[in-house]
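The structure appears right after this line, and notes come after that.
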Amino acid sequence: MMPCDNGAPLQENAHAVNGIAPENLALAQRDLAHVWHPCTQMKDHESLPLVPIRRGYGVWLEDFAGRRYLDAISSWWVNLFGHANPRINAAVQAQLERLEHVIFAGFTHEPAIELAESLVRVAPPGLTRCFFADNGSAAVEVAVKMSFHYWRNVGRTAKRRFVTLSNSYHGETLGALAVGNVELYKAIYRPLLMDVITVPSPDCYEREPGESWAEHSRRKFEQMEQTLARHADEIAAVIVEPLVQCAGNMRMYDPVYLKLLREACDRYEVHLIADEIAVGFGRTGTLFACEQAAIRPDFLCLSKGLTGGYLPLSVVMTTEPVYAAFYDEYTKLNAFLHSHSYTGNPLACAAACATLQIFRDEDVLGRNARLARYMGERARELEALPHVAEVRQRGMIVAIEMARDARRREPYPWQERRGLHVYRCGLERGVLLRPIGNVVYFMPPYVISEEEIDLMVGVAREGIERATCD
Ligand SMILES: *Cc1c(COP(=O)(O)O)cnc(C)c1O
């Protein structure tokens with residue numbers, strides 16, 4: 001359904017409008033014969049072109065017809081310093097010549113050691129222990145199991161429940177899905193999931209007129225406080241995405257919520273799990289989002305940008321007291337006997353070390369602050385559009401909320417798939433935007449230029465205008 005397509009000629013990528021360029025077609029057909037893609041209703045590809053990519057460089061992806069797409073979403077939030085980044089390429093290549101992989105139990109290697117040391121140096125003080133896994137969901141599983149297991153090991157066996165925020169997302173495996181709260185991904189599997197306590201999100205899109213972000217977040221904390229007061233004896237941990245609920249429509253809240261949550265978790269003896277899988281590594285303006293509230297979680301989950309978007313790797317960082325609760329004679333059976341075959345993969349660790357080296361050598365956060373200011377200024381021009389209810393920003397994340405009635409914040413029905421119109425328009429114009437529901441967002445690699453921001457915002461404007469003109 002493209003109600004507003006008036007057939008006006010497009011200047012760029014014109015031959016992609018109604019499907020797929022001949023150079024891409026053969027690959028797309030071979031793909032669709034056997035591949036089942038993530039987070040996709042495969043039937044959509046009867047009308048939606050599947051885009052085979054032959055190479056990437058900087059913020060750009062290039063298909064087999066030689067058309068370029070600006071990767072405005074960092075390939076699902078993983079890329080930090082551009083595709084085919086020379087420094088990360090060199091680090092992975094050098095590691096490949098030495099050691100591709102080795103069992104990580106009983107054996108170790110330099111890239112993992114160096115990465116653990118580097119992470120401990122830059123993480124909030126007190127997070128001195130690194131447990132590696134190979135994707136974000138696995139890191140969340142590790143943190144949940146560790147918290148539960150910690151309380152067992154110290155004799156507090158009643159503490160076995162988890163508290164989560166509404167609209168939160170922590171991954172797709174059953175434990176991670178259980179502690180998340182995006183209905184679209186969760187509802188069907190509910191019979192398989194552990195029971196959790198869900199507290200309303202401090203999401204500031206829902207603040208009252210005239211209410212500040214901080215006031216709203218503070219007010220929303222009251223329900224968390226009550227939940228902890230009532231159930232602390234049976235709660236192992238609270239899990240949150242600090243500052244931005246990314247998969248939950250890029251909804252944002254004020255750092256004061258994290259400050260209050262840390263204080264309350266201390267008071268009630270409950271762990272705090274910070275899932276910075278999406279927001280870590282400079283996304284929100286600081287290296288880690290928790291820094292903006294000056295807090296240290298008990299478990300910090302990292303993945304996505306950890307390897308600069310190169311290879312799957314994740315890590316759970318925790319404290320000496322947690323580590324100590326598992327450190328005992330083998331026969332006490334207190335150890336954390338969790339493993340993945342590719343835990344601590346050397347190639348992935350080498351990519352991660354190179355990524356952290358870039359943060360060390362270059363003023364990434366300073367440059368991002370300037371880029372974020374420019375991106376925010378340009379994006380806020382879209383607030384003038386009749387169906388834009390809000391443009392919100394936290395660092396290198398900007399989200400534009402489309403609404404049927406922008407003033408009353410009345411959403412478009414999800415069945416209309418307005419975001420998909422924007423996605424199509426973006427492909428035609430050479431920008432990879434991948435709206436979540438009614439929310440168009442920018443989360444570009446940090447190597448984007450001002451000219452590229454202009455293109456990205458301009459294409460988003462056109463997409464939103466076309467998607468909302470009826
Ligand atoms: C992406 C994401 C995950 C899951 O990571 P995967 O590597 O996709 O399993 C977990 N939590 C948050 C906040 C995420 O954005």
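Name the residues in the range 56-79 that are surrounded by 17 or more Cβ atoms within 10 Å (Cβ to Cβ) and of a type in the set (Asp, Glu), would you?
Matches in the range 56-79: 63, 71.
Consider residue 188 carefully, then state whether it is within 16 Å of the ligand (Cβ to nearest atom) and of a type in the set (Val, Ile, Thr).
Judged against the criteria, residue 188 is not a match.
Which residue, of 161, 230, 219, is away from the ligand (no atom under 12 Å from the Cβ) and touching a helix residue (DSSP H, G or I) at 6+ places or on another chain (Cβ under 9 Å)? Don't jump to the end; show me each part of the working.
Details: 230 fails: touching a helix residue (DSSP H, G or I) at 6+ places or on another chain (Cβ under 9 Å); 219 fails: touching a helix residue (DSSP H, G or I) at 6+ places or on another chain (Cβ under 9 Å).
Among 161, 230, 219, only 161 is away from the ligand (no atom under 12 Å from the Cβ) and touching a helix residue (DSSP H, G or I) at 6+ places or on another chain (Cβ under 9 Å).
Could you tell me which of the residues 113, 103 is β-branched (Val, Ile, Thr), assigned to a loop (DSSP other than H, G, I, E, B) and more than 15 Å from the ligand (Cβ to nearest atom)? Explain how you work it out, then say what you get.
Working: 113 fails: assigned to a loop (DSSP other than H, G, I, E, B).
Just one listed residue meets the conditions, 103.
Collect the residues in the range 124-133 that are within 12 Å of the ligand (Cβ to nearest atom) and surrounded by fewer than 24 Cβ atoms within 10 Å (Cβ to Cβ), keeping them in residue-number order. Give the steps one after another, and end with the answer.
Step one: list which residues in the range 124-133 are within 12 Å of the ligand (Cβ to nearest atom), which gives 133.
Once the filter is applied, which keeps residues that are within 12 Å of the ligand (Cβ to nearest atom) and surrounded by fewer than 24 Cβ atoms within 10 Å (Cβ to Cβ), the range 124-133 yields nothing.
Just checking, how many residues over the range 1-55 are modelled with pLDDT of 90 or more and surrounded by 13 or more Cβ atoms within 10 Å (Cβ to Cβ)?
The total comes to 15.
Of the residues that sit in the range 262-283 and are over 15 Å from residue 301 (Cβ atoms) and in a loop (DSSP other than H, G, I, E, B), which one is farthest from the ligand (Cβ to nearest atom)? Break it down stepwise before answering.
Going through the range 262-283, the residues over 15 Å from residue 301 (Cβ atoms) turn out to be 262-270, 282.
So of that shortlist, the ones also in a loop (DSSP other than H, G, I, E, B) come out as 269-270, 282.
Numbers: 269: 25, 270: 20, 282: 15 Å.
Going through the qualifying residues, I end up with 269.
Under the condition of being assigned to a loop (DSSP other than H, G, I, E, B) and free of Cβ contacts under 8 Å to residues at least 24 places away in the same chain, which residue from the range 389-434 is nearest to residue 451 (Cα to Cα)?
Initially, the range 389-434 is screened for residues assigned to a loop (DSSP other than H, G, I, E, B), giving 395-396, 403-404, 406-409, 411-413, 417, 430, 433-434.
Subsequent filtering for residues that are free of Cβ contacts under 8 Å to residues at least 24 places away in the same chain retains 404, 406-408, 413.
Values: 404: 31, 406: 29, 407: 31, 408: 34, 413: 34 Å.
Going through the qualifying residues, I end up with 406.
For the structure I just gave you, tell me whether residue 137 is touching a residue at least 12 places away in the same chain (Cβ under 8 Å) and either within 16 Å of the ligand (Cβ to nearest atom) or in contact with a His (Cβ under 7 Å, 6 or more places away or on another chain) (or both). First the steps, then the outcome.
Numbers: touching a residue at least 12 places away in the same chain (Cβ under 8 Å): yes; either within 16 Å of the ligand (Cβ to nearest atom) or in contact with a His (Cβ under 7 Å, 6 or more places away or on another chain) (or both): yes.
So residue 137 fits the description; yes.
When residue 381 is evaluated against the numbered criteria (1) within 14 Å of residue 468 (Cα to Cα); (2) over 23 Å from the mean Cα position of the chain (by Cα); (3) acidic (Asp, Glu), which criterion, by number, is the only one it fails?
(1)
Among the residues of the range 345-359, is any assigned by TED's automatic domain parsing to the domain that holds residue 280, surrounded by 22 or more Cβ atoms within 10 Å (Cβ to Cβ) and assigned to a loop (DSSP other than H, G, I, E, B)?
yes
Could you check the range 296-337 and list, in sequence order, the residues that are assigned to a loop (DSSP other than H, G, I, E, B) and away from the ligand (no atom under 16 Å from the Cβ)? Show your work before the answer.
Let us first name the residues in the range 296-337 that are assigned to a loop (DSSP other than H, G, I, E, B), namely 296-298, 303, 308-313, 319, 327-329, 333-337.
Hits for the range 296-337 are 296, 298, 319, 327, 328, 329, 333, 334, 335, 336, 337.
Condition (residue is over 28 Å from residue 175 (Cβ atoms), away from the ligand (no atom under 16 Å from the Cβ), part of a helix (DSSP H, G or I) and in the same structural domain as residue 426 (by TED's automatic domain parsing)) applied to the range 46-65: is it met by at least one residue?
We begin by selecting, within the range 46-65, every residue over 28 Å from residue 175 (Cβ atoms); these are 46-65.
Going one step further and asking which of them are away from the ligand (no atom under 16 Å from the Cβ), we end up with 46-65.
Add one more test, that the residue is part of a helix (DSSP H, G or I), and what stays is 46.
Retained after the next criterion (residues that are in the same structural domain as residue 426 (by TED's automatic domain parsing)): 46.
Yes; the residues of the range 46-65 include at least one that is over 28 Å from residue 175 (Cβ atoms), away from the ligand (no atom under 16 Å from the Cβ), part of a helix (DSSP H, G or I) and in the same structural domain as residue 426 (by TED's automatic domain parsing).
The values are calculated or read from the model by the stated rules, or taken from the named source; none is laboratory data. Computed from a predicted structure; not experimentally measured. All Cβ positions, even for glycine, are placed from backbone atoms using ideal geometry, and neighbour counts span all protein chains on display.
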